[in-house]
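Only the coordinates and a few stated rules stand behind these numbers; no lab work does. All figures in this text were calculated on a predicted structure; none of them were measured in a lab.
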């Protein structure tokens, strides 16, 4: 994406307007999405993730929040703060994460 179209080292007014249009439209480097990690997943959905794996319901319900997040992380093989949108098969929502967990559990079975 070229801003300084005439390569003179300055940004002319039309180039500046083009730059502002890119910023407003969130295109190019300005279109970066917010990361999505296990930290954004509500506790009840974390418990739903664990239900795909061979773990007792009693144990799942007994996990405190810190343990819950760590357990989900361990079963999925993901870091707690890892941006899931950057995985080989990007995960951008809780729904997609639940599907990812289901697939992971099947692989491990």
| With springs only between Cα atoms under 10 Å, which of 16, 53, 75 fluctuates most in a Gaussian network model of the chain? | 16
| Crossing angle, helix 65-76 versus the chain [Cα axis fit, 0-90 degrees, rounded to tens] | 80 degrees
| remark: Taking the chain and counting helices only, DSSP H stretches of n ≥ 4 at -39,500 (n - 2.57) each over all residues, the nearest-500 ellipticity at 222 nm comes to -15000 deg cm²/dmol
| Helix 94-108 sits at what angle to the longest principal axis of the chain, using alpha carbons and giving 0 to 90 degrees rounded to 10? | 50 degrees
| query | Using 0.36 nm per residue, how much length does the chain from residue 107 to residue 39 gain when fully extended, once their Cα-Cα distance is taken away? | reply | 22.1 nm
| query | So how tilted is helix 13-25 from the main axis of the chain? Cα-based, degrees 0 to 90, rounded to 10. | reply | 20 degrees
| task | First obtain the Kirkwood hydrodynamic radius of segment 38-108 from its Cα pairs, then insert it into the Stokes-Einstein equation at 37 °C and 0.692 mPa s, and state the resulting D in µm² per second as a whole number. | result | 271 µm²/s
